[in-house]
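Enquirer: Below: one structure in structure tokens.
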Amino acid sequence: MSTSFVRLISRLLIVCLIGLPFQVSAGMIGTDDVVSAAQAQAARTAVLNQISRTDVAGQLQSLGLTAQAAQDRVAALTDTEIAKLAGQIDSLPAGADGTGLLLLVLIGVLIWWAVKK
């Protein structure tokens, strides 16, 4: 190689090193960031599991929404929205309307009354 070529490359490298900024920042990830990301993923999974149930999917179909469209909409929700939706799903009653429990209590009271009499 010729010395003029080496000088040209050396000068070009010097200009690049001086002229171009080298800013690299690295930091610790906070625990709250990791926990919130994990909670958001768990909430998103819970909502997707609810949508994939056959009775829910049937109800969505009757409303004109396909299962894929519902999954796409869930994927488009923000972490805050998905946490709110998962909280609403978790707060719903697990059974029907509670008449079974009322009937069970009534039978229990009748049996207790019959034994005590």
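Enquirer: Around A43, under 10 Å between beta carbons, what's the net of Lys plus Arg minus Asp minus Glu among the other residues?
Expert: Spelling it out: positives minus negatives among the neighbours equals -1.
Enquirer: Could you tell me the ratio Rg/Rh of the chain? Both radii from Cα atoms, Rh via Kirkwood.
Expert: Rg/Rh for the chain comes to 1.51.
Enquirer: How fast does the stretch 30-87 diffuse by Stokes-Einstein, in µm²/s, taking the Kirkwood radius from C-alpha pairs at 4 °C and 1.567 mPa s?
Expert: The estimated diffusion coefficient comes to 108 µm²/s.
Computed from the coordinates by the stated procedures, all read-outs in this text should not be read as laboratory data. Because the structure is predicted, anything quoted here is derived from the model rather than measured. Neighbour counts are summed over all protein chains in view; Cβ atoms, including those assigned to glycine, are modelled from backbone coordinates with ideal geometry.
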